[in-house]
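A quick write-up on the structure given underneath.
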Amino acid sequence: DVKVTQSSRYLVKRTGEKVFLECVQDMDHENMFWYRQDPGLGLRLIYFSYDVKMKEKGDIPEGYSVSREKKERFSLILESASTNQTSMYLCASRILILQGSPNKNTEAFFGQGTRLTVV
Amino acid sequence: KQEVTQIPAALSVPEGENLVLNCSFTDSAIYNLQWFRQDPGKGLTSLLLIQSSQREQTSGRLNASLDKSSGRSTLYIAASQPGDSATYLCAVMEYGNKLVFGAGTILRVKS
């Protein structure tokens, strides 16, 4: 079974702290994603990555950065946490789809989520 | 920009009913569409994935269909049970490898 593991289920941090959310997958997937989920707003993409050291901004990257030093690990960094970053954070991974390449198993797999509260 | 809409936003049905959840998307340039289930406070669990070349997929009591040209997918749940109560999300995988989600349908099955 594919496993996507997020380092913490619950996290409480103070305003201004630097926060690291870690995500590890064990299926050698190239694609990894970070989303945040808020009531009434659904899942919004923060950043995603195609491969090691490669990253792309999603729809709401402001206030966040990411790191992908190893293929299995994708870290989300809140440089200076603020109360409006209180949210559920979800990590996902999947195979990279190349146009014209008929990948069969292209499911995205999610971690269990990290509920972050910034006080 | 791809937009994914799910209707209804919430649904409450008695146990045993068959039900249909709807998902529509604005740009048909997709690789696939995936249906997920989310229990309160938890991550997402994959239910079904339909490749863009497929019309439907089945898993147990679940059947998902895809009409790419009209930008629509449905998730059919047969003989609903209280354990099916959850939020159901659909997501499309765009050519840029981005997963775009709908807002979800909150399902409650009453015993």
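Applied to region B:103-111, the Karplus parametrisation 6.51 cos²θ - 1.76 cosθ + 1.60 on θ = phi - 60° returns per-residue 3J(HN,Hα) values of 7, x, 10, 8, 10, 10, 10, 8, 8 Hz, with x for Gly and Pro. Here the protein assembly as shown was treated as a single set of alpha-carbon atoms; its pair distances binned every 10 Å from 0 give 8, 33, 36, 19, 5, 0 percent. Of all aspartates and glutamates in the structure, those lying under 13 Å Cα to Cα from B:Lys1, and not within fewer than 8 positions of it along the same chain, are A:Asp59, B:Asp27, B:Glu94.
Evaluated at q = 0.10, 0.13, 0.19, 0.20 Å⁻¹, a Debye calculation over the C-alpha positions of region A:1-91 (equal weights, vacuum) places log10 I(q)/I(0) at -0.24, -0.41, -0.87, -0.96.
Quick one, can you get me the convex hull of the C-alpha atoms of region B:1-71 expressed as volume per residue in Å³?
Working: hull volume 8.7 nm³, N = 71.
Dividing the Cα hull volume of region B:1-71 by its residue count gives 122 Å³.
Within the shell of other residues whose beta carbon sits under 9 angstrom from the beta carbon of A:Asp51, the net charge comes to +2, with Lys and Arg scored +1 and Asp and Glu -1. Using the Karplus relation 6.51 cos²θ - 1.76 cosθ + 1.60 with θ = phi - 60°, the per-residue 3J(HN,Hα) values for region A:34-50 come to 10, 10, 10, 10, 10, x, x, 10, x, 8, 10, 7, 8, 8, 9, 9, 8 Hz, with x marking Gly and Pro. Spin-label model, A:Ile77/A:Ser8: points 7 Å from Cα along the beta carbon direction are separated by 1.7 nm. For the pair region A:1-38 and region B:36-69, the centres of their Cα atoms are 24 angstrom apart.
Each reported figure results from applying straightforward, stated rules to the coordinates on display, with no laboratory input. A quick note: this is a predicted structure, and the numbers were derived from the prediction, not measured. Positions of Cβ are backbone-derived with ideal geometry, glycine not excepted, and every protein chain shown enters the neighbour counts.
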